[in-house]
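Working notes for the structure below.
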Amino acid sequence: MLDRVLYGNVTVLDLLISILVLFAAVLIGKAISLRIRHSLKDKVSKDRLNTISKFVYFLFLIIGFLIVLPILEFRISGFLVAGGILGIIIGFASQSIVTNFISGFFLTFERPFRVDDVVKLGGEDGTLGVVEDIKIISTTMRTFEGVYVRVPNEKVFTGNIINYLENIARRFEYDVGIRYKDDADEAMKIIKELIDDHPMALKNPEPQVFVENLGSSAVELKVRVWAPSTEWFPLKMELLWKIKKELEENGIQVPFNQQELWFKNALQMDEKEIS
């Protein structure tokens, strides 16, 4: 039964051997990929580790196919010619897929962002989220609302990319208004001490607290603070609330908008009474 000829000189046994070889190639490729992930997870970045493990896995698949082809009496030259013709047909039929593939190739080498980076793809009005995977054809993200987003690599590569974690430090700022009767020097001193005492607020670049404008209802203070990019948002939320509480405890308040109204008729009546 196993020596039954299927076509040419290929027998059932040859077909079974080919299936076992491919199955072994898949198992070995997955096993080595998992081993690489386990041994290098603390030594290289997550996206680079994904690239290495995928490369090793597909390498073993290619090796398995190259072993199987002679067993099944496939001539590599004819296979390459057929593959070339098929590639041309597919290329014309699906140019966008090829473009996405090439864009993914360049993204892998240029590395404008990595897995777990917070990025905005498409410029200021684009998609904001955390990069979960950089695939051959597309990049997948998770927005801060928990929405899964898949972006074709062509749009990623040709569009604007804003990476919020690429630089180690980011700056945020507040506009803090105080009443005209409050001591602006005391308010700035309190804010500076809060910033200096916080372990996540960077000393270099130096934080800034200064009077930016004399508004219609308040003395407007500008507060600028630098923080590690990974701690930027938590520090921004925490520090603003601390500034508010500390100013209030020292009798310094954020004023409401105020406006004085003068009535012309009332002024005329006062002038008559005086005369």
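Summed over segment 131-163, residues that are of a type in the set (Phe, Trp, Tyr) and either free of Cβ contacts under 8 Å to residues at least 24 places away in the same chain or in a strand (DSSP E or B) (or both) total 2.
Looking only at segment 169-222, which residues are more than 24 Å from Pro234 (Cβ to Cβ) and polar (S, T, N, Q)? Those that are more than 24 Å from Pro234 (Cβ to Cβ) and polar (S, T, N, Q): Asn213, Ser216, Ser217. Scanning segment 148-173 for residues that are in contact with a strand residue (DSSP E or B) (Cβ under 8 Å, 6 or more places away or on another chain) and hydrophobic (A, V, I, L, M, F, W, C) yields Val149, Val151, Val156, Ile161, Ile162, Leu165, Ile168, Ala169, Phe172. Once segment 50-73 is narrowed to residues that are surrounded by 14 or more Cβ atoms within 10 Å (Cβ to Cβ) and over 15 Å from Gly29 (Cα atoms), the residue that is modelled with the highest pLDDT is Val68.
Against the definition (over 18 Å from Lys54 (Cα atoms), crowded, with 18+ Cβ neighbours inside 10 Å and of a type outside the set (A, V, I, L, M, F, W, C)), how does Gly122 come out, yes or no?
On the way: over 18 Å from Lys54 (Cα atoms): yes; crowded, with 18+ Cβ neighbours inside 10 Å: no; of a type outside the set (A, V, I, L, M, F, W, C): yes.
No: the conditions fail for Gly122.
Within segment 135-161, the residues that satisfy the criterion of being hydroxyl-bearing (Ser, Thr, Tyr) and either surrounded by 17 or more Cβ atoms within 10 Å (Cβ to Cβ) or in contact with a Pro (Cβ under 8 Å, 6 or more places away or on another chain) (or both) are Ser138, Thr139.
The values are calculated or read from the model by the stated rules, or taken from the named source; none is laboratory data. None of the values given here were measured: they were computed from a predicted structure. Quick reminder, even Gly has a Cβ in these numbers, built from the backbone with ideal geometry, and neighbours come from all protein chains shown.
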